[in-house]
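The values are calculated or read from the model by the stated rules, or taken from the named source; none is laboratory data. Model, not experiment: these values are computed from the prediction. Reconstructed Cβ throughout: ideal geometry from the backbone, glycine too, with neighbour counts over all protein chains shown.
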Amino acid sequence: DAGVTQSPTHLIKTRGQQVTLRCSPKSGHDTVSWYQQALGQGPQFIFQYYEEEERQRGNFPDRFSGHQFPNYSSELNVNALLLGDSALYLCASSLRSGGTVNEQFFGPGTRLTVL
Amino acid sequence: AQSVAQPEDQVNVAEGNPLTVKCTYSVSGNPYLFWYVQYPNRGLQFLLKYITGDNLVKGSYGFEAEFNKSQTSFHLKKPSALVSDSALYFCAVRDILSGGYNKLIFGAGTRLAVHP
């Protein structure tokens, strides 16, 4: 059973460019969340997708956008990159099931470096 | 505002000794609490969660955590540390305002170093 997969592993961009990161959730999961983890910090919630719609959003600007596809996979897009966007971007999947609070399973992350 | 605090940047312990990684939380209502571990160049791995019930929660790799409502704490423990336990540990709380969705608020992390 494949866990959460993310691509690419590493990415180097320059300021002002745009980037797309991809995530495939763990088999059976229907909800995908994205987190940004800056160096030396805990992950910060960006947004969460369920049924192809953004359901929750953290304190991130509109430059950060996403998408969820019918097969539950997801993309994170960041426009007009800033140096401060350099971070590890983590995708997490979970199964939304009524009132049950299910743990999130994380992928290995995409390391984005903005020069 | 809801938050999680991990008061120690680093914890050092000798192999075979018990370990504790501290976490305190601030939420309104009943908290849903989680511990994750992160190894170098890896994503986060789930260790355990507290939703309700027994205050002592058992998780993966011999870890357990004790929920203390009066002290608003959820400390991670292991009776006998291994060198392979050396990693970055994160405590997280589910955002109570996220409704049925599972938005997590993470602490800053504690680096655990287990020495032979």
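Miscellaneous remarks
- Here A:G66 meets each of (1) more than 17 Å from B:F106 (Cβ to Cβ); (2) touching a Pro at 6+ places or on another chain (Cβ under 6 Å) with one exception, condition (2).
- Leading residue by the ranking (modelled with the lowest pLDDT) among those in the range B:1-26 that are touching a Leu at 6+ places or on another chain (Cβ under 9 Å) and part of a loop (DSSP other than H, G, I, E, B): B:Q2
- Here the condition is being over 14 Å from the mean Cα position of the chain (by Cα) and basic (K, R); of A:R15, A:R57, it holds for A:R15 alone.
- If you go through the range A:11-53 and pick out every residue that is more than 9 Å from every other protein chain (Cβ to nearest Cβ), surrounded by fewer than 14 Cβ atoms within 10 Å (Cβ to Cβ) and under 21 Å from B:V93 (Cα atoms), you end up with 2.
- Any hit, the range B:36-50, residues being within 14 Å of another protein chain (Cβ to nearest Cβ) and charged (D, E, K, R): yes
- Unmet requirement for B:V93, which otherwise passes all of (1) within 27 Å of A:G3 (Cα to Cα); (2) out of contact with any Pro (no Cβ under 7 Å at 6 or more places or on another chain); (3) modelled with pLDDT under 95: (2)
- Taken over the range B:60-90, residues that are within 14 Å of chain A (Cβ to nearest Cβ) and at pLDDT below 95 amount to 1.
- Candidate set from the range B:96-116 (those that are modelled with pLDDT under 95 and in a strand (DSSP E or B)); member that is farthest from B:S3 (Cα to Cα): B:L104
- Subset of the range B:45-72 [touching a residue at least 12 places away in the same chain (Cβ under 8 Å), farther than 26 Å from A:L90 by Cα and either of a type in the set (D, E) or touching a strand residue (DSSP E or B) at 6+ places or on another chain (Cβ under 7 Å) (or both)]: B:N55, B:F67, B:T72
- When we screen B:A92, B:A81 for residues that are surrounded by 14 or more Cβ atoms within 10 Å (Cβ to Cβ), in contact with a Leu (Cβ under 8 Å, 6 or more places away or on another chain), among the hydrophobic types (A, V, I, L, M, F, W, C) and in a loop (DSSP other than H, G, I, E, B), the only hit is B:A81.
- Selected residue (criterion: surrounded by the fewest Cβ atoms within 10 Å (Cβ to Cβ)) from residues of the range A:93-110 that are facing chain B (nearest Cβ under 8 Å) and either among the aliphatic types (A, V, I, L, M) or closer than 15 Å to A:Q41 by Cβ (or both): A:V101
- Counted residues, the range B:27-45 - those being farther than 22 Å from A:G40 by Cβ and either within 11 Å of the chain's Cα centre (by Cα) or in a strand (DSSP E or B) (or both): 1
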